[in-house]
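Undergrad: The structure is given below, and queries will be raised subsequently.
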Amino acid sequence: MGFIKRRDPNKHPGILTTSVARYSAMYPVNESPEHAAGRCLDFWNRFGARGETPGYREELALHGWTGTEIIIGSDFKELMWTGVSDWVEVVPHLFPQKLKRSMLGMNRLVIAARRVSAEGEFFTELYCTPSDIIANNDSILNDVLYVTLHQFEEEYRNTGFLRVGATYFYADDLPKDHFLETQNIYCIRRDVKRRRKGKI
C-alpha cells in the first residue's frame, strides 16, 4: 500500500510528540463497502460515538467511497477530568480503557470503504482513521484507538469476512496522494461545508 512508516504501528503508541501521529487501521474484508462501513459504524456506536457530519456520506460517495465521519469523545467530559487526564497522558497503560474513553475530548473519525482488486480478486478495504490534525488528549486518544481498533479486528475475524490481518498505521504515514491523507481529509471537510452552503 505504500505507507511511509516513521514509527512501528504494531507497537503500543505510548507518548508521541506530534499531534498528527494518529493511530489508524485498514481492514481487508470479503463483504461490500456498505456492509463493512455499517459494521464499523455499529461497532463505534457501542462505545458512545455520536452523530455523523452532515453531507459527509454524500461527499465520500462522489469520490467512489462509502462511509461517513463520526464524533467520539466530549469536550465537556474532558473538562471534567482536567488534572487527572494529565497523569493518564503520561502513563495511559496504567488506567482502564473505560476511564480513558470517558476522558477523551471531542475527536472525529472517518470510516471509509472502497472496492479494490488484487491478483484478480475483488474485496473491500475498510479504513478507520482520525480526521483531526490537532487532536485532544493525543496520547489517550492513540491508546484508546490502539486497543479499540485491535478489538474490532478480532470481532471481524470471528465473522469470517476478514481476509487477512488488519494493517495498522499512523495517519501522517499515508502517501500524499492517498485519498485519506490528512490534507485531503481537510479538503473533503471543506467541500462538505461549501456544498451544504450551495457554494459548489
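Undergrad: Kindly provide the set of residues from the stretch 4-31 that are at pLDDT below 70 and either among the hydroxyl-bearing types (Ser, Thr, Tyr) or over 16 Å from the mean Cα position of the chain (by Cα) (or both), ordered by number.
TA: Selection gives Ile4, Lys5, Arg6, Gly14, Ile15, Leu16, Thr17, Thr18, Ser19.
Residue-wise test of (1) at pLDDT below 95; (2) part of a helix (DSSP H, G or I); (3) aliphatic (A, V, I, L, M); (4) surrounded by fewer than 15 Cβ atoms within 10 Å (Cβ to Cβ).
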{"residue": "Glu34", "(1), (2), (3), (4)": "no, yes, no, yes"}
{"residue": "Ala37", "(1), (2), (3), (4)": "no, yes, yes, no"}
{"residue": "Gly48", "(1), (2), (3), (4)": "yes, no, no, yes"}
{"residue": "Gly51", "(1), (2), (3), (4)": "yes, no, no, yes"}
{"residue": "Pro54", "(1), (2), (3), (4)": "yes, no, no, yes"}
{"residue": "Gly67", "(1), (2), (3), (4)": "no, no, no, no"}
{"residue": "Ile71", "(1), (2), (3), (4)": "yes, no, yes, no"}
{"residue": "Thr82", "(1), (2), (3), (4)": "yes, no, no, yes"}
{"residue": "Ser85", "(1), (2), (3), (4)": "yes, yes, no, no"}
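Undergrad: Please work out if Tyr127 is at pLDDT 90 or above and either aliphatic (A, V, I, L, M) or open to solvent by less than 40 Å² (accessible area, probe 1.4 Å) (or both).
TA: It is true that Tyr127 is at pLDDT 90 or above and either aliphatic (A, V, I, L, M) or open to solvent by less than 40 Å² (accessible area, probe 1.4 Å) (or both).
Undergrad: Right, next: Just one of the numbered conditions (1) open to solvent by less than 10 Å² (accessible area, probe 1.4 Å); (2) under 12 Å from the mean Cα position of the chain (by Cα); (3) at pLDDT below 95; (4) farther than 20 Å from Ser74 by Cβ is not true of Leu141; which one?
TA: (4)
Undergrad: Please enumerate the residues belonging to the stretch 146-190 that are aromatic (Phe, Trp, Tyr) and surrounded by 14 or more Cβ atoms within 10 Å (Cβ to Cβ).
TA: Within the stretch 146-190, Tyr146, Phe152, Tyr156, Phe161, Tyr168, Phe169, Tyr170, Phe179 meet the criteria.
Undergrad: In the stretch 157-182, what residues are of a type outside the set (Lys, Arg), over 23 Å from Ala61 (Cβ atoms) and touching a strand residue (DSSP E or B) at 6+ places or on another chain (Cβ under 7 Å)?
TA: Of everything in the stretch 157-182, those that are of a type outside the set (Lys, Arg), over 23 Å from Ala61 (Cβ atoms) and touching a strand residue (DSSP E or B) at 6+ places or on another chain (Cβ under 7 Å) turn out to be Leu162, Val164, Ala166, Thr167, Tyr168, Phe169, Tyr170.
The values are calculated or read from the model by the stated rules, or taken from the named source; none is laboratory data. Keep in mind the model is a prediction, meaning the values are calculated, not measured. Using ideal geometry, Cβ is built from the backbone for each residue, glycine included, and neighbour counts are taken over all protein chains shown. Ligands, DNA and RNA are excluded from the accessible area calculation, which covers all protein heavy atoms including side chains. Shrake-Rupley method; radii C 1.70, N 1.55, O 1.52, S 1.80 Å.
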